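Colleague: If you scroll down you'll find the structure; I have some questions about it.
The values are calculated or read from the model by the stated rules, or taken from the named source; none is laboratory data. Computed from a predicted model, the values in this text were never measured in an experiment. In this analysis, Cβ positions are derived from the backbone assuming ideal geometry, glycine residues included, and neighbour counts consider all displayed protein chains. In case anyone asks, the SASA skips ligands and DNA or RNA and just uses the protein heavy atoms, side chains included. Shrake-Rupley method; radii C 1.70, N 1.55, O 1.52, S 1.80 Å.
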Amino acid sequence: MAFDKFCNHKFKESMDIFEELGICPSHVIGLFKTLLPPEFQAKLKYPDDLPELQGTSLKNGLEELIRFLTTVKFEKIQNVSDSDGLSPVPIVEGVMVISKRKIILEIIDTTLLKCYLETNDALVAPHLRMGKNCVNIPEAERVLKKTQRLKELVILYNTKGKHRKALELLREHSEEKDSPLSGHSETIKYLQKLGPDHIDLILEFSLWVIVDNPEDGITIFTDDMEQVELLPRDKVLDWLMKNSPQMVLFYLEMVVNDWLVTNMFKSLY
């Protein structure tokens with residue numbers, strides 16, 4: 001019945017039944033032919049041929065799929081422990097289902113990313129920023145690059161702790177005038193938020209910025225932010241003396257006058 005309603009574009013009624021029956025989310029996702037990897041899609045079976053969805057019908061279907069996946073994720077999967085496992089039901093008896101929580105969450109979050117790109121791209125960034133987002137990184141990279149969502153790709157790398165990849169991407173596109181990552185401002189913002197645990201990475205990727213624009217580059221080490229103030233000042237000072245000596249005085253004045261630190265002068269003698 002649920003499959004028949006889906007084929008007749010009664011998407012809400014269809015998804016409500018799939019949810020009530022506890023159907024495996026991957027089988028429901030597979031109703032849309034292009035959302036799953038081809039090798040996985042090929043293993044699924046349905047009572048009849050899948051409908052061809054286009055235009056408004058496709059958008060309406062994806063919006064109901066989003067509602068279905070969001071409900072299943074937060075109400076039935078999120079709070080289940082990895083050791084307990086899941087007991088999903090196939091649409092067609094005998095077809096494999098996914099019972100591992102980690103895997104199904106990865107499939108759901110990656111599918112939601114693809115759905116948002118098709119229906120409401122304003123939701124892509126908030127989705128990627130979610131603390132418990134489980135998107136498959138290589139697949140998310142692929143779809144974000146394909147759709148030229150470079151800012152969202154930086155967010156993905158940031159939330160997954162892939163800071164080097166994010167900074168390399170920012171550097172790569174900094175000289176492209178039409179790129180959303182053009183210039184050095186996005187790199188500065190990124191570096192300012194990393195904090196002292198990433199000081200070596202900060203110094204490495206600060207070099208091209210401070211060489212290109214010393215006045216802007218120095219804000220990586222002087223802006224009024226907690227993460228910036230916590231950076232090891234002796235290490236920053238030593239780096240500035242080697243790579244941007246013209247900004248050393250500005251940095252020292254900031255440290256002494258704004259951060260009320262005087263013992264740094266010891267490192268000069």
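Colleague: Taking region 175-194 on its own, how many of its residues are touching a residue at least 12 places away in the same chain (Cβ under 8 Å), over 13 Å from Ser206 (Cβ atoms) and of a type outside the set (Lys, Arg)?
Modeller: Here the count works out to 5.
Colleague: Among the numbered conditions (1) touching a helix residue (DSSP H, G or I) at 6+ places or on another chain (Cβ under 8 Å); (2) basic (Lys, Arg); (3) open to solvent by 70 Å² or more (accessible area, probe 1.4 Å); (4) over 27 Å from Asp48 (Cα atoms), tell me where Lys102 comes up short.
Modeller: (1)
Colleague: When residues of region 70-83 are filtered for being over 17 Å from Met15 (Cα atoms) and in contact (Cβ under 8 Å) with a residue 12 or more places away in the chain, how many remain? Quick ask: steps written out before the conclusion?
Modeller: First, pick out the residues of region 70-83 that are over 17 Å from Met15 (Cα atoms): 78-83.
Remaining after also requiring in contact (Cβ under 8 Å) with a residue 12 or more places away in the chain: 78, 80-82.
The number of residues fulfilling the criteria is 4.
Colleague: Evaluate region 221-241: report whether one residue or more is more than 30 Å from Asp121 (Cα to Cα), open to solvent by less than 80 Å² (accessible area, probe 1.4 Å), among the polar types (S, T, N, Q) and out of contact with any Gly (no Cβ under 9 Å at 6 or more places or on another chain).
Modeller: There is at least one residue in region 221-241 that is more than 30 Å from Asp121 (Cα to Cα), open to solvent by less than 80 Å² (accessible area, probe 1.4 Å), among the polar types (S, T, N, Q) and out of contact with any Gly (no Cβ under 9 Å at 6 or more places or on another chain).
Colleague: Residues of region 5-15 being touching a residue at least 12 places away in the same chain (Cβ under 8 Å), open to solvent by 20 Å² or more (accessible area, probe 1.4 Å) and assigned to a helix (DSSP H, G or I), which ones? Spell out the reasoning first.
Modeller: Initial filter on region 5-15 (touching a residue at least 12 places away in the same chain (Cβ under 8 Å)): 5-7, 9, 11-12, 14-15.
Applying the additional criterion that residues be open to solvent by 20 Å² or more (accessible area, probe 1.4 Å) yields 5, 7, 9, 12.
Hits for region 5-15 are Lys5, Cys7, Lys12.
Colleague: Please indicate, with yes or no, whether at least one residue in region 138-153 is among the hydrophobic types (A, V, I, L, M, F, W, C), out of contact with any Gly (no Cβ under 9 Å at 6 or more places or on another chain) and open to solvent by 30 Å² or more (accessible area, probe 1.4 Å).
Modeller: No, region 138-153 has no match at all.
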